[in-house]
Amino acid sequence: MITLSVIVPVKDGEAYIADTLTSLVRNARADFKVPDFEVIVVDDGSADATGTIVAEFRDELPTLHVIRHSEPAGLAGARNAGLRLASGRYVTFLDGDDWLGRGYLAELVAAIEGLGCDFVRVDHVQSEGRRRETHWAPEARRNTVLDPRESILPADAKTMVDYPYAWAGIYRRELGDLLNFPAGLHTAEDRPWIWRLHQRAKSFAVVSLAGVFYRRGLPGSLTQIGDARQLHFFDAFDVLFAEVEERFRPKAVRTFCALLANHLEQRDRLTPETAAAFESRGAEMLARLPADLVTESVETLDPKRRALLVPERSAT
C-alpha cells in the first residue's frame, strides 16, 4: 500500500515545476524511510511547457501520476482531483512553484505515525528572492496530540485557523470528505477548509518542522492578480459562515473583518471593475453579519484599517 500521496497542483508553471519535482526526487533519494510514496501532478489547464517538463520526470519518479485539465478548474478543483486519485494512507500538498527540503517527507510521515493523530501541521519557510524567513504555526504546544477545536479560539489572537496553508501539514486520507476543498474557488479556498478540519476532525498536533519553501510574490500568483477571481474571497467566507458553530462565530467575523480590511488596503492591485465589485460585496457581507460582532471586530483594528471598513458598513 502507498504510504504517502503528494498532490501537486500546477498551472503554467514551466518556470518552477522542475525545481518542485527535483525536490521530490531528492526526498526519494535521501533518508526517506518510506519509499512507497506517489506523486500526483494536476496540470490545471496549462498553456505553456509545464506538461512537457513534468513528463521528463517519469523515470526519476516511477510513481508519478499526471492529471490534465483541458480547462482550469482552479486550485480547489485541482487539489480535489488529486485527492480522488490518491491511494496513500496519508496525503500532503505541494504547490507547483514551491519546493521541499531534503528528507522532509520522511520526517513528516514519522511525525504523524509517531503521534497517531488525524493531521499534523508544520512551520514553513517563506522565500522572496534571496530572502528566507521562517513562519511559525501559531500553536505553541508542540509534539502533543490536541483537540482541533481547542486551537480555534481565542477570537482576539492568531490561532491555527489563521494558518490555513494546506501544504503545511500531513493528513490521514481516511478523513475523506473533510479533505475536500469547496469546488469552484480560485482563491481563499483554504479558509473554509481549515475551519472545517478544526471543527470536525478528532485530533491533531503541531511539530517544529520547516521543510516547505513557499515562493511569495510571483507575478503569476493569484495573490498578485487583480481580476474577478479575487471575489472568491467572499464565496469562501459564505461557505465558512454557513458551517461555523455559534461559539466560534466571533472568531470567524473578526477574521473576516481583518482580511477584508487588508484587501481593501491593497485594492490598487485590482482592476477598477473588480475593486468596485469588491467594495460592494464587502459592504453587503458586513451588513449581513451580526452587527455587534462586526462592531467589536472593527474596533480591534488599527485606525487606518478601521476607517476602510466604516464606510463599507454605512454604504448599505
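Any read-out appearing in this document is the output of simple, stated calculations on the displayed coordinates, not a laboratory observation. Please read these numbers as outputs of a predicted model, since none were measured by experiment. Heads up, the Cβs are rebuilt from the backbone with ideal geometry, glycines too, and the neighbour counts pull from every protein chain shown.
Values computed for the structure shown
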| item | result |
| --- | --- |
| Long pairs among 251/304; 202/251; 11/158, criterion Cα-Cα beyond 26 Å | 11/158 |
| Mean Cβ count within 10 Å, highest first, over the residues of peptides 109-122, 91-104 | 91-104, 109-122 |
| Sites residue 178 and residue 18 - FRET efficiency at Förster radius 45 Å, r taken between beta-carbons, to 0.05 | 0.85 |
| Value at 222 nm in deg cm²/dmol, rounded to 500, when DSSP H runs of n ≥ 4 in the chain each add -39,500 (n - 2.57) | -12000 deg cm²/dmol |
| Extension gain from residue 132 to residue 310, taking 0.36 nm per residue of separation minus the Cα-Cα distance | 60.4 nm |
| Long-range HN-HN contacts of residue 40 with modeled amide H, under 5 Å | 6, 7, 8, 65 |
| Positive minus negative residues near residue 155 (Lys, Arg vs Asp, Glu; Cβ under 15 Å) | -2 |
| Per-residue HN-Hα couplings for the stretch 264-280 [Karplus 6.51, -1.76, 1.60; θ = phi - 60°; Hz; x = Gly/Pro] | 5, 5, 10, 5, 4, 7, 8, 5, x, 5, 5, 4, 5, 5, 5, 5, 5 |
| Counting DSSP beta bridges with both ends in the stretch 123-262, the antiparallel % (nearest 5) | 65 |
| Fraction of antiparallel bridges per DSSP, the chain only, in percent to nearest 5 | 35 |
| Per residue, the convex hull volume that the Cα atoms of the stretch 226-314 enclose (Å³) | 79 |
| Per-peptide average of other Cβ atoms within 10 Å, ordering 189-199, 155-165 highest first | 189-199, 155-165 |
| Computed FRET value (nearest 0.05) for residue 55 with residue 156, which takes r as the C-beta separation and R₀ as 45 Å | 0.35 |
| For the stretch 65-82, 3J(HN,Hα) per residue [Karplus equation, 6.51 cos²θ - 1.76 cosθ + 1.60, θ = phi - 60°, Hz, x = Gly/Pro] | 10, 10, 10, 10, 9, 5, 10, x, 9, x, 4, 4, x, 5, 5, 5, 4, x |
